[in-house]
1. Taking the range 98-113 only, how many residues are open to solvent by 20 Å² or more (accessible area, probe 1.4 Å) and closer than 21 Å to A199 by Cα?
2. Output the helices (runs of 4 or more DSSP H) that fall wholly within the range 409-507 and possess 1 or more residues being among the basic types (K, R) and either modelled with pLDDT of 80 or more or surrounded by 12 or more Cβ atoms within 10 Å (Cβ to Cβ) (or both), or say none.
3. Name the single residue, out of those in the range 209-227 being at pLDDT 90 or above and hydrophobic (A, V, I, L, M, F, W, C), that is surrounded by the most Cβ atoms within 10 Å (Cβ to Cβ).
4. Which residues, counting only those in the range 323-359, are open to solvent by 70 Å² or more (accessible area, probe 1.4 Å), at pLDDT 80 or above and under 30 Å from the mean Cα position of the chain (by Cα)?
5. Restricting the range 514-542 to residues that are aliphatic (A, V, I, L, M) and farther than 19 Å from T448 by Cα, which is farthest from the chain's Cα centre (by Cα)?
6. Is it the case that some residue within the range 137-145 is among the β-branched types (V, I, T), touching a Phe, Trp or Tyr at 6+ places or on another chain (Cβ under 8 Å) and open to solvent by less than 50 Å² (accessible area, probe 1.4 Å)?
7. Is it the case that the range 515-537 has a residue that's of a type outside the set (A, V, I, L, M, F, W, C), without any contact (Cβ under 8 Å) to a residue 40 or more places away in the chain and either farther than 25 Å from N440 by Cα or outside the structural domain of L449 (by the TED database) (or both)?
8. Considering only the range 39-83, how many residues are in a helix (DSSP H, G or I), open to solvent by less than 60 Å² (accessible area, probe 1.4 Å) and closer than 20 Å to T577 by Cβ?
Amino acid sequence: MPLERLQLGLDRALRGDYRPPPLFGLVLETASGNLRPLAVPPFFDRVLQRAVAQIINPALESSQYRHSYGYRAGRSRMNARDAVQAASRQGYQWVYESDIADFFDSVDRGRLEVRLRALYGEDPMVDLLLDWMGQPVEYQGQTIARKAGLPQGSPLSPAMANLMLDDFDGDMEVLGFKLIRFADDFVVLCKSRGQAESASRAAAASLAEHGLGLNPDKSRISASADGFRYLGYLFVNDLAVDVSGHKSETQVKPEIPPNSWLARLAGRTPLPVDGVEISRHSGMDRRNPDCMDAPNPRHPWSLGSGVPCRNDEETLNSTALPPEGEGAKPAKIGAMDDLGQMLCITGERATLSTHAGRLRVERGEQTLHDLPWRNLQAVVLFGSHTLTTPALQAALKQAVPVHFAGAVGGYRGVLWTGRPAEPGCGLWLKQANLFADPANALLSFGYTLLNGYVETLLHADGLLPWLGFYHQAHGRHATLASDLMEPFRHLVERTVLSAVQRHELKAQDFFIAANGACMMQKEARRVFFAQLLDRFNTPLAAYGEDVALTPVQHIHRQNLSLTGWLMRGEAFQAFRTR
C-alpha cells in the first residue's frame, strides 16, 4: 500500500471527513463448538486503524489496571498465570471465576463515547473511533446493522474493550479484591469463601452500571485446592498445568452469541469461511488466547503448527484481506510450513491409529484429529496414550518422530528412524556455534558478578547460601543465591544489550581461547565491569513503590522477606521492577 494513500487517509481522519466502509463478515467455529462471528474492516481501513491505534494505545496503557492482561503490549496469558500462582502462594485459596456475557456484542457505544470524551474532549478522532465501532456488516449479500458492540476483527476493538472495562477494574480494586482479568474473562482470588461471595456480588453490581452482565453458566466459587480452569490452564493451588489442547466438553448444537450481527441474520444459514466446512480446530477460541488446538489443514483460518501461537488480536490483524476494489477472497494464512504440522496430544487417554495414510486420534467415540501422515512434522504425547502397532510402523515409514512426555511435561524419549529430520544436525552445529558467541560471554560474566553480590548479602543476612528451593544443593555452589538472583537478571541483560547497541563493545574485543571458550580482552572486560557496577548501584523503583533503591538494597530487602517467611510465615515478596 502506498504510504501516500495512508497519509491521505490520516489527513482526512483528522479533518473529520473520512467515512469508514462497512465491515466484512466471517463466521468461525470455536474449539468449544460455538459459532463466532467476526466483523473485519477492509484492508486499507485496517491499516488506517492500526496507525491510529499506535497513537492512542500508549496513552490508554498508562491508565490501565495492573492485573489486566488481555490485548496489551508485553502482556499475555502467561503473565496472568503467574499472577494467579503468586496470589495462591500469598494465601488466596478461594476463587470466584466468571466472564462477561456476550461482552463484545453488548458494549453500549453511548457509554463508550462518554469515556472517550472524558479523555479526548471534542477531538474529531472520537467521532471517527465511534464510526469505526458502529459500522454495519456485509455478509452473504446482506447489510446487517449493529446497534451496539465492538467489532471482533477491528484493530481498535481491544483498546476500546479495555477502556470500557477499566471502571470495572477500578471498582474491584477499590473494594480490595484481587481481580485478574484477560479481556472479558476474569477471576477474583480470595482468602475465604465469604470474600468470594462478596466478590461475585460486587462484580455483578459494577458491570450492571454499564449495562453488562455475568455469564451464569461460567460463574462459580471454588477452593483453589479443588482446581479451576482459566485461560487454558488448570490451577490446583499454586500449580498451573497447560491444558489448552484438551477439549473437555462436547457442544451438541453450536450457539450463536445472542447480541451479535449473526443473530440478526433472520434465520439464514451462515456459510463457512471460503466455502469449506468450519473447523472445530480453527484456533480462534478466546478461552485459549495464546494457544490453539491442532489445526484442520483444509481450513483457511487454521494456523499450521498446532503449537502455541499469537493471540486473537494479532491473528486477526495479520489476515490478508483483499485490497479495496480487487474483489479477491481472503488469502489463506498460517499455512503449513516447510517442516509440516506438530500435533500435541494432552488430557485423558487417546488412541492413535492409522487408516489409509492418515493418522487418526480418538478418545472414546470422538475423533479428535484425522490428518495425513505426510503433513506431520512430529507427534508429541503428553501423558499415557495408546499408539497402535500399525500406527507405530506408519510413523517410522513416514519418518514422523513420536515424542513421549509425562502428563505435566518431563521428557521421556522419542520413537524415530535414527535419521535426523530437517534441519537436523545442521541446526545443532549452528546452535553450538552461535551460542558460544560474545553476547553469551558477556551474560556469563555478568551473572557471575550478580551471583557474587547475592551470595555475599545472604551471608550478611544470616541465611544459608548453599540450600536453595529451586536449584538443588550440590557441592559448594550457592544454590540459594542462584534462586534469589532471578528477579535481577534483567539488569545484566540490559547492560549487555546497551553495550552492544551503543557499540561500546565490538567483535574485536573478544577472542577464542585454546580450550574453545569465548574470552574478553582485558580492556573490554574493564569497560563492561564498570558498566555492571554502575547498573548495580543505580536506584530503581520496585513494583507498586515510589521510593527508588539500589539493586543491592533490593536484594537485601528480598533476603529479609525470605527470612520473614521462614521464621514467621509472612508472605514472601520477590523483587519486581516497576
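The values are calculated or read from the model by the stated rules, or taken from the named source; none is laboratory data. Fair warning: this is a prediction, and the values are worked out from it, not measured in the lab. Backbone-built Cβ (ideal geometry, glycine too); neighbour counts: all protein chains shown. Surface accessibility is based on the protein's heavy atoms, side chains included, excluding ligands, DNA and RNA. Shrake-Rupley method; radii C 1.70, N 1.55, O 1.52, S 1.80 Å.
1. 2
2. Details: elements: 424-434, 438-460, 479-484, 489-501.
Correct list: 489-501.
3. Filtering the range 209-227 for residues that are at pLDDT 90 or above and hydrophobic (A, V, I, L, M, F, W, C), the one surrounded by the most Cβ atoms within 10 Å (Cβ to Cβ) comes out as L212.
4. Going residue by residue through the range 323-359, those that are open to solvent by 70 Å² or more (accessible area, probe 1.4 Å) are 324-327, 329, 332, 335-339, 348-349, 355-356, 358.
Filter once more, keeping what is at pLDDT 80 or above: 348-349, 355-356, 358.
Selection gives E348, R349.
5. A514
6. Filtering the range 137-145 down to residues among the β-branched types (V, I, T) leaves 137, 143-144.
In the following step, the residues that additionally are touching a Phe, Trp or Tyr at 6+ places or on another chain (Cβ under 8 Å) were identified as 137, 144.
Next, only the ones that are open to solvent by less than 50 Å² (accessible area, probe 1.4 Å) stay: 137, 144.
Checked against the condition, which is being among the β-branched types (V, I, T), touching a Phe, Trp or Tyr at 6+ places or on another chain (Cβ under 8 Å) and open to solvent by less than 50 Å² (accessible area, probe 1.4 Å), the range 137-145 yields at least one hit.
7. First pass over the range 515-537, keeping only residues of a type outside the set (A, V, I, L, M, F, W, C): 515-516, 521-523, 525-526, 531, 534-535, 537.
Narrowing further to those that are without any contact (Cβ under 8 Å) to a residue 40 or more places away in the chain: 515, 521-523, 526, 531, 534, 537.
Checking the rest, the ones that are also either farther than 25 Å from N440 by Cα or outside the structural domain of L449 (by the TED database) (or both) come to none.
No, the range 515-537 has no match at all.
8. Qualifying residue count, the range 39-83: 3.
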